[in-house]
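See structure below.
The values are calculated or read from the model by the stated rules, or taken from the named source; none is laboratory data. For clarity, every value in this text was computed on a predicted model and none was experimentally measured. Positions of Cβ are generated from backbone atoms using ideal geometry, with glycine treated the same way; all protein chains shown enter the neighbour counts.
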Amino acid sequence: MQDIPNYYELLGVKRDASADEIKQSFRQLARKYHPDLNPGDKSAEDKFKDISEAYEILSDRSKRSQYDKFTGFWRKNRTKAPASEPREPRDRSTDEEEFGDDFNTFIDRLLGRKKESRNGTISRDRNLRSQSQTDRNSRPNERRNPRESREPDRNNFTEPQPRLNPKNLEAELTLPLDKAYLGGRERITIQEDGRSLEVDMPPGMIPGQKIRLRGQGIGGGDLYLKINVSPHQFFRLEGVNIYCQLPVTPAEAVLGGFVEVPTLDGLVKISLPQSIISGQKLRLAGKGFPGEDGRRGDQLLEIQIVVPRSLLPAERELYEKLREIESFNPRLDLANIPFPVKN
């Protein structure tokens, strides 16, 4: 039985892990092993490729389901029979027809990747060398110029193509906020020559950040990719900190209590203090973007007290009763403000 990679172990999560747990684990590992953060480290580059493939499968519900079925099928049915024990012919089951491929073929098919021949160029080169050797051996009596190995036959000489001078290029890539936070694979098109590239983006990218892609310019130059982050409907990014407005009801503002707050890592429950006012800010430490040192910024919540536009009869009755008995008067100090008096 072939050795099938365990994507759950690669990401350090359990098989029943939630989508948020998988996302968070991948973000941490990607930050650790990304090639841009580990220049020249081949093992880190290979590890990054493995966890990227694992995340691409497990973050998609349909692909994850097929992967689970495939690994379950192979564990159950692909045990290796002893060499001396003949295999009996049997009808192929539906699962075997679906998962009978080897693992690499299955993953390529699942991700829509096309397999390229690795031996095509080599075999052509060998054929050319073999043909050239045959031509030389077929002319044993022909006098050879001792300088033939050093100087080309000028009658058959092909002028080499001029080599382009290396030229660096710049391009821009605009990402949604959640994609900039998580990182992952993105496809970009180079306007100068129309090339299309797939780029593994590191997590925690901020507006204005530049990523250097070595050798992806013209003639071996580099490509500098400038990152832009599109506006988000709830979050606002400032440096490595995240700002947002948190709407609360009048009752929540007065009494306090637990409320759920959206963060980049999903919903978290926080405790509101009593008698909180509009414009007051609360800080969620470590819920912002990761900085260059790996530490995350904070998320700042600005409280916004929101009143209901319509009330149920029972709610209106309670508000009217509250108005009758409440002692708080927010306009009490206004009586002491001096007003201009006409003579």
Determine whether residue 18 is without any contact (Cβ under 8 Å) to a residue 40 or more places away in the chain and closer than 18 Å to residue 111 by Cα.
no
Got at least one residue in the stretch 313-323 being among the hydrophobic types (A, V, I, L, M, F, W, C), under 36 Å from the mean Cα position of the chain (by Cα) and not assigned by TED's automatic domain parsing to the domain that holds residue 183?
no
Of everything in the stretch 1-40, what is at pLDDT 85 or above, under 22 Å from residue 295 (Cβ atoms) and assigned to a loop (DSSP other than H, G, I, E, B)? Give them in sequence order.
12
Considering only the stretch 237-283, how many residues are over 29 Å from residue 204 (Cβ atoms) and free of Cβ contacts under 8 Å to residues at least 12 places away in the same chain?
1
Just to be sure, is residue 241 within 21 Å of residue 292 (Cα to Cα), of a type in the set (S, T, N, Q) and within 18 Å of the chain's Cα centre (by Cα)?
no
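Restricting the search to the stretch 33-43, which residues are surrounded by fewer than 16 Cβ atoms within 10 Å (Cβ to Cβ) and either in contact with a His (Cβ under 9 Å, 6 or more places away or on another chain) or free of Cβ contacts under 8 Å to residues at least 24 places away in the same chain (or both)?
38, 39, 40, 41, 42, 43
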Residue that is loosely packed, with under 12 Cβ neighbours inside 10 Å, of a type outside the set (Gly, Ala, Ser) and at pLDDT below 70, where the choices are 126, 78:
126
If we take the stretch 224-295, then strands (runs of 3 or more DSSP E) inside it with 3 or more residues that are β-branched (Val, Ile, Thr) are 257-263
Answer from 218, 276, 206 - the residue that is surrounded by 15 or more Cβ atoms within 10 Å (Cβ to Cβ) and under 24 Å from residue 32 (Cβ atoms)
206
Residues in the stretch 242-269 that are out of contact with any Lys or Arg (no Cβ under 9 Å at 6 or more places or on another chain) and more than 13 Å from residue 303 (Cα to Cα) total 6
Exactly one of (1) more than 38 Å from the chain's Cα centre (by Cα); (2) free of Cβ contacts under 8 Å to residues at least 12 places away in the same chain; (3) in a loop (DSSP other than H, G, I, E, B); (4) in the same structural domain as residue 240 (by TED's automatic domain parsing) is unmet by residue 338. Its number?
(4)
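For (1) among the aliphatic types (A, V, I, L, M); (2) more than 23 Å from residue 179 (Cα to Cα), each residue gets a yes or a no:
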| site | (1), (2) |
| --- | --- |
| 260 | no, no |
| 268 | yes, no |
| 271 | no, yes |
| 278 | no, yes |
| 302 | no, yes |
| 318 | yes, yes |
| 328 | no, yes |
| 337 | yes, yes |
In the set 243, 224, the lone residue that is of a type in the set (Ser, Thr, Tyr) and over 30 Å from residue 189 (Cβ atoms) is 243
Return a yes/no flag: does the stretch 61-71 have any residue that is assigned to a loop (DSSP other than H, G, I, E, B) and modelled with pLDDT of 50 or more.
no
Provide a single number: the residues in the stretch 6-32 that are within 15 Å of residue 64 (Cβ to Cβ) and surrounded by 16 or more Cβ atoms within 10 Å (Cβ to Cβ).
11
Scan the stretch 178-207 residue by residue and report those that are in contact with a strand residue (DSSP E or B) (Cβ under 6 Å, 6 or more places away or on another chain), among the hydrophobic types (A, V, I, L, M, F, W, C) and either in a helix (DSSP H, G or I) or at positive phi (or both).
180
